[in-house]
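Before any comments, here is the structure.
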Amino acid sequence: MRTLLPFVKQYKKELILGPFFKLLEAVSELLLPLFMAKLIDQGIRSNNLTEVYHYAFIMLIMTLAGLACVMICQYYASVASQGFGTELREALYKKINQFSYKQLDDYGADTLVTRMTNDINQLQNALAMLIRLVIRAPFLSIGSVIMAFYIHPKTALIFLVTLPIFFLLLLVLMKKTIPLYKKAQAKTDELNRTLQENLMGIRVIRAFAQQSNQTKRVATNSDELAATSLSAIKISTLLNPLTTFIMNIAILLLLYFSGKEVNIGNLQQGEVVALVNYLMQMLLALIVVSNLVVIFTKAATSANRVTDILDLPIEEELGKRTHETIIDTHQPVVLSVDQLSFQYPNQNGWTLTDITFKANVNQTLGIIGATGSGKSSLVQLLPRFYEWQKGHIHLFNQDITSLNLDTLRHPIRLVPQKSSLLSGTIRSNLLFGKNDATEQDMWEALNIAQAKEFVEQLPEQLDAPVSEKGDNFSGGQKQRLAIARGLIAKPALLILDDSLSALDYKTDLQLRQALKQQLPNTTLIIISQRVHSIKQADHILVMDNGQIVGQGNHQTLLNDCATYQAIVASQEQTKEEASYE
């Protein structure tokens, strides 16, 4: 909870003034029954219109003053809760952006989305209720008892009998509902996970005609959430009717005993009305207290889930050493990997074993291997998306574990397997690769990526809209736009992780030739399962089961590497491919 205090402290004024004005409103509400009693006893019973008007005017003024206080309190509560929620959500998003790949894998997108939306909404609601009701409700409950004793101590004993009965009822209900609310939040995470998986994989689901099965899966998760929530609601809804029952019994007892007191002249009719009002105020305030317990219980669970994220060490702290260091890019060896071994967290066996290779300036390094051979895992270690267990990686002769992550990643651009474009425009996506890119830079990048022609044909050209994930473009167009975004900054090291797979042979060849000719200072790493895409590389790594089983150029590997020979043999050269050699 301490983690959240800095976000709350920014609203000290609202946290003080909001409850203060709500307290003033509660004072006016406590005094109203007393003035009503005087209006009845001194005005109506005596046929004294002056007294009736006098006390009616006082009650009107107090009502209007109470209304003004409520409005002021509501304003402060809204400012504080919305501001708190906005800043907390921004801080949470910023923290998630610093997550390592391991942390992202550990949590998953579904629970992170739930924590940024539902959990923060719960905390916002709790803060608003803290300002509006936390002082008012207990004050009204205690104040009603005090005012009842002020009017008639003997009859007010009924209040003291009613309180423990109500609290016993509240304790029993809370004991049953609190675990159910926690379970419901876990079920919400589960449902969000299932929905996200289905929405992201909807094409695969349709391709395998699994709509019915997945619909049943979503329905099952939804039914489990509904059942858990319904169980909690069924128990919670008992509170109001049972409280009303207790209140009605208490009112009957109050009327019975106060009637006797009226008959013997110890109590007046107006005071009986005031006592009934105070009894109702007390019990209704206690219902509010019980609802606050539910709200704060949910908020406590949400606070733990949010602080769990905020208290995690940032990605920088996960490394060994992260000093600010300037990279000297004027080195002949761009990348050096020495005896590198790596395994994913919570996974048995090594994903990569004893990987050693070098890449020089302006060299094209090809990496080929079967699916699951460790190609993508290898290149994800270069920007330190994951931490490895053995070996060393040097960038321009500097150990990358000694570099600040921003410093390390600045000269590197990785275009991943899945070409993910951001919703917006082509221009905004290119600016994502280089914030200060000019239009000339953009067209140059598009030209190298073989995307200029189709972008020029769009009515809006650079300002053409890009839908979520770039789904309004074909697979090949998305890959070329993603590559343009990666190379627009002219990085020292450009990594294409199977980013040419959707391109035809002619476009693939033209793109690689353009990269070589127009980015002379860029070292290129191409990962591919197609021999055609890497056969012209200066140096090729052949990977199998997380190991390098062959290194050299195309001809050397054809002579010496059985795995490479098998790959080449399985991809017999087509007429189309041969025509572009």
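Each reported figure results from applying straightforward, stated rules to the coordinates on display, with no laboratory input. Owing to the predicted nature of the structure, the values given are computational and were not obtained by experimental measurement. For neighbour counting, all protein chains shown are included, and Cβ atoms are generated from backbone atoms with ideal geometry for every residue, glycine included.
Entry note, the chain: relative contact order of 14 percent, from Cα contacts under 8 Å with a spacing of 6+ residues. Where in the stretch 4-40 is the amide nitrogen less than 15 Å from a point lying 7 Å along the Cα-to-Cβ axis of Ile58? What the label zone holds, given the 15 Å backbone N cut-off, is 28-40. The simple Förster model, with R0 at 51 Å and r as the Cβ-Cβ distance, assigns Leu253 and Asn348 a FRET efficiency of 0.15. Backbone N atoms of the stretch 460-483 closer than 18 Å to the 7 Å Cα→Cβ label point of Val113 belong to residues 467-471.
Modelled this way, with points 7 Å down the Cα-to-C-beta line, the labels at Ser341 and Phe20 are 6.7 nm from one another. Karplus-based coupling profile of the stretch 381-398, in residue order and whole Hz: 7, 5, x, 6, 5, 10, 9, 9, 9, 9, x, 9, 10, 10, 10, 6, 6, 10, with θ = phi - 60° in 6.51 cos²θ - 1.76 cosθ + 1.60 and x standing for Gly or Pro.
Projecting label points 7 angstrom from Cα along Cα→Cβ for Ser423 and Ala562 puts them 5.3 nm apart. Using a Förster distance of 41 angstrom, determine the FRET efficiency expected from the C-beta separation of Leu49 and Ile146, and round it to 0.05. Between Leu49 and Ile146 the formula returns 0.80. Residues Cys561, Cys73, ranked from the fewest to the most other C-beta atoms within 10 Å, line up as Cys561, Cys73.
Only the Cβ atoms of Lys and Arg (+1) and of Asp and Glu (-1) were treated as charged; on that basis the dipole of the chain about its Cα centre amounts to roughly 1680 debye. Per q in 0.07, 0.08, 0.13 1/Å, what log10 I(q)/I(0) does a Debye calculation on the alpha-carbon atoms of the chain return? Debye output, listed in q order: -0.64, -0.75, -1.36. If you plug the beta carbon distance of Lys506 and Asn291 into 1/(1 + (r/R0)^6) with R0 = 56 Å, you get a FRET efficiency near 0.25. Evaluating 6.51 cos²θ - 1.76 cosθ + 1.60 at θ = phi - 60° for every residue in the stretch 104-112, the Karplus couplings come out as 5, 5, 5, 8, x, 5, 4, 6, 5 Hz, glycine and proline recorded as x. What residues from the stretch 231-261 fall in the zone where the backbone N is under 18 Å from a label point 7 Å along the Cα-to-C-beta line of Val161? From the stretch 231-261, the list is 243-261.
The string of couplings for the stretch 542-558 from the Karplus curve (6.51, -1.76, 1.60, θ = phi - 60°) is 10, 10, 8, 6, x, 10, 8, 9, x, 9, x, 8, 4, 5, 4, 5, 4 Hz, one whole number per residue in order, with x for Gly and Pro.
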